[in-house]
Amino acid sequence: MSKTNVYENVKTQFERAADLMQLDPEIRRILSTTANEIVVHFPVVMDDGHVQMFTGYRVQHNGVLGPYKGGLRFHPAVDIDEVRALATWMTWKCAIAGLPYGGAKGGIQMNPIQYSQKELERITRRFTFALGSNIGPEYDIPAPDVNTNAQVMAWILDTYLSMMPPLERNRCVHVVTGKPIESGGSLGRDKATGQGLVYIVVAWAADHDFPLAGARYIVQGFGNVGSWSARLLKPYGAVLAAVEDHTGAILCSDGIDPDDLAAYVRAHGGVAGYPRATAIDHHTFLSTEADFFVPAALENQITAETAPWLRVRLVVEGANGPTDIEGDRILQERGITVLPDVLCNAGGVTVSYFEWLQNKRSEFWDLDEVDGKLYKKMLSAYRKVRDAVKEYDTDWRTAAYIVALRRLEKVYKERGIFP
């Protein structure tokens, strides 16, 4: 599937919600395009002395609610359309979660596995330098995404601070979020996306008389989001039946211990070869009978081809854009509820916001405070979307978009269009 379709998906979803809620046509025009698109080409010296050119992106979709906010990913599939799509989703996500942020996204087109740690550091630092004043603590705040982590954020932070006058440096620590704790990060940030997703699942289950104890589920992707979601579902008694990642797929009808599997993945780089489960193929994984499915890998996994395979009641989107337009239509026709990415995975950006606030205020919150504030934000977002589902008699994704668009429309109408 061509990458262009990811951005086409976003636009189609946007148009559907805008039509249903009768969004103001002038505001629709503004929101249907990005504000700024930065493409940088930069040289980096490799370990063997030769110079390699890299292409990096930063797309800022809309900033009416506040500074731009969104992750940076290092992946071979990164291109301008993918980054546009991800930046647009971030705008909706921040609006739904009630955060004072606009949406952005960025990345470098590369496969990080092919580079040494020292090369990754130089690539990251040179990318930060190339972006220059296109990022900033009150302007555009990057965060981790696919194949980036707290270490990458620490390199960006150090490079950015080195570019600032000495007396300004301590005022700029919130230029990135998802930092290591010692460098100004927040407790709870590593599990935030999974934690937020579990809060949504628990709220939905309570509303639908759906007991989580004994409920069987499958997870695609066992990185940060997938593994934390599974580990945090464990105390509720939910049973992890099958897992798939980039190395393969595994099944155990008696259930897989998420903590044990997470330790195995840390040691071996993937789920393949996990001794307490049976190896299965992609089709068998997706057609595993379960109560719900958590896609937490990459975009476009549930398609016209794969949607008919699913044997679940509920899909809880941990990844960004795991379901394409045709896949979505088929799931709706089959009566499978989809809790959308812009609601379910908003925990990450919400705790990023908490980290940003802590840095600005020179505060450090304990984990209970972070989790408590996250729970309130996620529950509030869930209820707004649930109410829009009933008000407009529509699916959860369209309802989530309507919640976002209503907030953005209100701000534009209050502020007006300059000049």
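The values are calculated or read from the model by the stated rules, or taken from the named source; none is laboratory data. As the structure is a prediction and not an experimental result, all values here were calculated from the model. When we count neighbours, we look across all protein chains shown, and the Cβ atoms used for this are built from the backbone with ideal geometry, even at glycine.
Checking the conditions here, which among Thr91, Thr177 is out of contact with any Asp or Glu (no Cβ under 7 Å at 6 or more places or on another chain) and either buried (at least 18 other Cβ atoms within 10 Å of the Cβ) or among the aliphatic types (A, V, I, L, M) (or both)?
Working: Thr177 fails: out of contact with any Asp or Glu (no Cβ under 7 Å at 6 or more places or on another chain).
Just a single option satisfies the conditions, and that option is Thr91.
Condition first: closer than 30 Å to Val45 by Cα and either of a type in the set (Val, Ile, Thr) or in contact (Cβ under 8 Å) with a residue 40 or more places away in the chain (or both). Can you find one or more residues in segment 154-165 that meet it? Break it down stepwise before answering.
If we filter segment 154-165 for residues that are closer than 30 Å to Val45 by Cα, which is where we start, we get 154-165.
Subsequent filtering for residues that are either of a type in the set (Val, Ile, Thr) or in contact (Cβ under 8 Å) with a residue 40 or more places away in the chain (or both) retains 156, 159.
The answer is yes, given that some residue of segment 154-165 is closer than 30 Å to Val45 by Cα and either of a type in the set (Val, Ile, Thr) or in contact (Cβ under 8 Å) with a residue 40 or more places away in the chain (or both).
When segment 354-373 is examined, which residues are found to be of a type outside the set (Lys, Arg), in a helix (DSSP H, G or I) and either over 19 Å from the mean Cα position of the chain (by Cα) or farther than 21 Å from Ser183 by Cβ (or both)?
If the condition is that a residue be of a type outside the set (Lys, Arg), in a helix (DSSP H, G or I) and either over 19 Å from the mean Cα position of the chain (by Cα) or farther than 21 Å from Ser183 by Cβ (or both), then Leu357, Gln358, Asn359, Leu367, Asp368, Glu369, Asp371, Gly372 are the ones that fit.
Report yes if Arg386 is over 23 Å from Gly71 (Cα atoms), in contact (Cβ under 8 Å) with a residue 40 or more places away in the chain and either touching a helix residue (DSSP H, G or I) at 6+ places or on another chain (Cβ under 8 Å) or assigned to a helix (DSSP H, G or I) (or both), otherwise no. So that I can check it myself, show each step before the final result.
Numbers: over 23 Å from Gly71 (Cα atoms): yes; in contact (Cβ under 8 Å) with a residue 40 or more places away in the chain: yes; either touching a helix residue (DSSP H, G or I) at 6+ places or on another chain (Cβ under 8 Å) or assigned to a helix (DSSP H, G or I) (or both): yes.
It is true that Arg386 is over 23 Å from Gly71 (Cα atoms), in contact (Cβ under 8 Å) with a residue 40 or more places away in the chain and either touching a helix residue (DSSP H, G or I) at 6+ places or on another chain (Cβ under 8 Å) or assigned to a helix (DSSP H, G or I) (or both).
Val40 - would you say it is under 17 Å from Ile135 (Cα atoms) and modelled with pLDDT of 95 or more?
Yes; evaluated as a whole, the condition is true for this residue.
Return the total of residues in segment 249-300 being in a strand (DSSP E or B), touching a residue at least 60 places away in the same chain (Cβ under 8 Å) and of a type in the set (Val, Ile, Thr).
Here the count works out to 1.
Can you confirm whether segment 189-212 contains a residue that is within 23 Å of the chain's Cα centre (by Cα), under 19 Å from Thr306 (Cβ atoms) and buried (at least 24 other Cβ atoms within 10 Å of the Cβ)? Full working, then the answer.
Let us first name the residues in segment 189-212 that are within 23 Å of the chain's Cα centre (by Cα), namely 189-205.
Filter once more, keeping what is under 19 Å from Thr306 (Cβ atoms): none.
Checking segment 189-212: not a single residue is within 23 Å of the chain's Cα centre (by Cα), under 19 Å from Thr306 (Cβ atoms) and buried (at least 24 other Cβ atoms within 10 Å of the Cβ).
Can you go through Glu138, Glu182 and tell me which one is of a type in the set (D, E, K, R), farther than 27 Å from Asp79 by Cα and outside the structural domain of Asp245 (by TED's automatic domain parsing)?
Glu182 is the lone residue from the list that is of a type in the set (D, E, K, R), farther than 27 Å from Asp79 by Cα and outside the structural domain of Asp245 (by TED's automatic domain parsing).
Taking segment 111-129 only, how many residues are closer than 14 Å to Pro43 by Cβ, of a type outside the set (D, E, K, R) and surrounded by fewer than 20 Cβ atoms within 10 Å (Cβ to Cβ)?
Residues flagged as closer than 14 Å to Pro43 by Cβ, of a type outside the set (D, E, K, R) and surrounded by fewer than 20 Cβ atoms within 10 Å (Cβ to Cβ) within segment 111-129 amount to 1.
Restricting attention to segment 136-171, which residues are crowded, with 18+ Cβ neighbours inside 10 Å and closer than 13 Å to Trp356 by Cβ?
Matches in segment 136-171: Pro137, Asp140, Ile141, Pro142, Ala143, Met153, Leu157.
In this structure, does Asp81 turn out to be without any contact (Cβ under 8 Å) to a residue 40 or more places away in the chain and charged (D, E, K, R)?
No, not satisfied.
Just give me the residues in segment 185-239 being charged (D, E, K, R) and in contact with a Pro (Cβ under 6 Å, 6 or more places away or on another chain), in sequence order. Let's see the steps before the verdict.
The initial filter retains those residues of segment 185-239 that are charged (D, E, K, R), namely 189-191, 207, 209, 216, 231, 234.
Passing the criteria: Arg231, Lys234.
Among the residues that make up segment 304-312, is at least one of them under 20 Å from the mean Cα position of the chain (by Cα) and either in a loop (DSSP other than H, G, I, E, B) or over 17 Å from Val198 (Cβ atoms) (or both)?
no
Give the residues of segment 190-238 that are modelled with pLDDT of 95 or more, within 30 Å of Asp158 (Cα to Cα) and not in a helix (DSSP H, G or I), sorted by residue number.
Hits for segment 190-238 are Lys191, Phe222.
Among the residues of segment 363-419, what is the count of those that are of a type in the set (Val, Ile, Thr) and modelled with pLDDT under 95?
Total meeting the criteria: 1.
Scan Ser32, Ser133 and give me the residue that is of a type in the set (Ser, Thr, Tyr) and touching a Lys or Arg at 6+ places or on another chain (Cβ under 9 Å).
Details: Ser133 fails: touching a Lys or Arg at 6+ places or on another chain (Cβ under 9 Å).
None of the other options fit; the residue is Ser32.
In segment 23-49, which residues are of a type outside the set (A, V, I, L, M, F, W, C), outside any strand (DSSP E or B) and in contact (Cβ under 8 Å) with a residue 12 or more places away in the chain?
Selection gives Asp24, Glu26, Ser32, Thr34, Asp47.
Determine the pairs where a residue that is assigned by TED's automatic domain parsing to the domain that holds Gly318 and crowded, with 24+ Cβ neighbours inside 10 Å, located within segment 216-241, has a partner that is polar (S, T, N, Q) and assigned to a strand (DSSP E or B) with Cβ atoms under 9 Å apart, the partner being 6 or more residues away or on another chain.
Gly226/Gln220
In the list Gln60, Gln52, which residue meets the criterion of being touching an Asp or Glu at 6+ places or on another chain (Cβ under 7 Å), over 15 Å from Glu299 (Cβ atoms), in a strand (DSSP E or B) and among the polar types (S, T, N, Q)?
Gln60
Is there a residue in segment 351-358 that is of a type in the set (Ser, Thr, Tyr) and in contact (Cβ under 8 Å) with a residue 40 or more places away in the chain? Walk me through it before giving the result.
At the first step, the residues of segment 351-358 found to be of a type in the set (Ser, Thr, Tyr) are 352-353.
When the remaining residues are screened for being in contact (Cβ under 8 Å) with a residue 40 or more places away in the chain, the result is 352-353.
Taking every residue of segment 351-358 in turn, at least one turns out to be of a type in the set (Ser, Thr, Tyr) and in contact (Cβ under 8 Å) with a residue 40 or more places away in the chain.
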